[in-house]
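Asker: Quick one: the structure is below, questions incoming.
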Amino acid sequence: GVITTLATTPIYRASATIQIDRETTKVVDIEGVDANESRDAEFFATQYALLKSRSLATRVVQRENLANDAAFMSQSAPSPIARLFQMVKPAKAAPVLSGDRDVRERRAVGILLRGLGVEPVRGSRLARITYEGPDRQVAMRIVNAVSENFIGANLDRRFEAAGYARKFLEERLATVKAQLETSEKSLVSYAQAQGIVNVAVSTGGVTGSAADTASQSLTASDLVAMNTSLGTAKGDRIRAEQRWRQAQMSSMALPEVQASSTIQALRGQQTTLQQQYQQQLATYKPDFPAMVSLKAQIDAVEGQIQSEIATIKQSIYAQYQTALRQEQQLSGQVSGLKSGVMDLRNRSIQYNILQREVDTNRSLYEGLLQRY
């Protein structure tokens, strides 16, 4: 029992607890095509495997220079009591730092992996890293080095992912930018060849916002303006026609006639002459020279009144004809613009296809640029 106890090398265990957070690296800011499923078990199993991986052990060995650390490398050599028990002479024992650097690093990685352990803490994102060895200081140093290098390796992987994303976005930006320039040139060339001129029109939102403006062809804009003018001209023609019909039916009821000072004066003069004629008719006969002269004056005033009314009616008729010609002229222009708009729509099919391609490329470019 004494010999077995003396031959047994004392083993020390050092431990450190780390927290593992899951963080997904996103290269482009778009939704994925796969369902967003929770795979925490696989993720944490991967992290535990990385903690015990040869790559992490190699990183620790290289960063801590363990291949040249005699205290660490001597962990694989038997103790003096064990050598005595095994009848091995100390002089014949192989040096712990023998061999070239690569050989020593492989030996150091093997030593580190044999003493390294990972214990997940149930119900949490914590993991306990342990290392067992015959030297308490070495065990504490190793467990701290593994924790720090695991964090460093994660940061390096994220940096590499960011570098890959940056390079990927730079390549995609160059490609999409070239596509956007090509599509814009194609759109401009086609618009020039087909004579398509578009203007920005308001759609009733906040001025200057993207949703407030829309593209409209110059021909369509002219058609809208001309159609508005046609509606106004049609209303003017209808009102002028109604006044002309009223003038034909009852001239004296026209507002222009009622408001004419000349006609009112002539009617007053006519009334006075008629009163004189009626008064003198009681004394003289109609063929009396004074009566004939008075009758001629009454007829002359009536002729003047009718002449003034005819002038007013002619003015109303001229206004009606002017409104009618204006309406007919605008109607012809609107018909011509309608034909032009229909022809433009046929020619705008390819234009709209090119415009959508430009919009798509611009949206892709802006999204990639923002992400970059």
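The values are calculated or read from the model by the stated rules, or taken from the named source; none is laboratory data. For clarity, every value in this text was computed on a predicted model and none was experimentally measured. Glycine gets a Cβ as well: all are built from the backbone with ideal geometry, and neighbour counts include every protein chain shown. Remember, those area values only see protein heavy atoms, side chains included, never the ligands or the DNA or RNA. Shrake-Rupley method; radii C 1.70, N 1.55, O 1.52, S 1.80 Å.
Asker: Would you mind putting 331-339, 3-11, 54-62 in packing order, based on average other-beta-carbon counts within 10 Å, highest first?
Answerer: On the way: 331-339: 14.0, 3-11: 11.0, 54-62: 18.3.
Packing order, densest peptide first, comes out as 54-62, 331-339, 3-11.
Asker: What residues have an amide H closer than 5 Å to that of residue 12, excluding those fewer than 5 places away on the same chain, when H is modeled at 1.01 Å from N in the peptide plane?
Answerer: When sequence neighbours closer than 5 places are left aside, the close amide H contacts are 133, 135.
Asker: May I pose another question? If each residue of separation counts as 0.36 nm, what is the full-extension length gain between residue 164 and residue 335 once their alpha-carbon separation is subtracted?
Answerer: Extra length available between residue 164 and residue 335 comes to 55.5 nm.
Asker: ³J(HN,Hα) across region 119-131 via Karplus (A = 6.51, B = -1.76, C = 1.60, θ = phi - 60°), whole Hz, x for Gly/Pro?
Answerer: 10, x, 8, 4, x, 8, 9, 9, 9, 9, 9, 10, 9
Asker: Related question: For the pair residue 359 and residue 17, what calculated FRET efficiency results from E = 1/(1 + (r/R0)^6), where r is the Cβ-Cβ distance and R0 = 45 Å, to the nearest 0.05?
Answerer: Between residue 17 and residue 359 the formula returns 0.25.
Asker: Pop a pseudo-label 7 angstrom from the Cα along the beta-carbon direction at both residue 135 and residue 315 and give the gap in nm to one decimal.
Answerer: Result: 12.2 nm between the two label points.
Asker: Based on the alpha-carbon set only, what is the convex hull volume of region 144-194 divided per residue, in Å³?
Answerer: 34
Asker: Still on this structure: Measure off, as a whole percent, the carbon and sulfur share of the 1.4 Å-probe accessible area of region 276-340, all protein chains present.
Answerer: 52
Asker: Arrange the peptides 355-364, 13-22 so that the one whose residues have, on average, the most other Cβ atoms within 10 Å appears first.
Answerer: 355-364, 13-22
Asker: Can I ask one more? Contour minus end-to-end for residue 261 and residue 274, with contour as 0.36 nm per residue of separation and end-to-end as the Cα-Cα distance?
Answerer: Residue separation times 0.36 nm, minus the Cα-Cα distance, leaves 2.7 nm.
Asker: Residue 349 to residue 182: extension gain in nm, 0.36 nm per residue of separation minus the Cα-Cα distance?
Answerer: 58.2 nm
Asker: Calculate how large, on average over all directions, the projected area of the Cα convex hull of region 323-368 is; give the answer in nm² to one decimal. Each step should come with its number before you reach the end.
Answerer: On the way: hull surface 17.8 nm².
If you wrap the Cα atoms of region 323-368 in a convex hull and average its projections, you get 4.4 nm².
Asker: Can you give the FRET efficiency to the nearest 0.05 for residue 50 and residue 369, using r as the Cβ-Cβ distance and R₀ = 41 Å?
Answerer: With R0 = 41 Å, the Cβ-Cβ based efficiency is 0.75.
Asker: Using 7 Å Cα-to-Cβ label points, what is the residue 42/residue 71 separation (nm, one decimal)?
Answerer: Using points 7 Å along Cα→Cβ, the separation is 4.3 nm.
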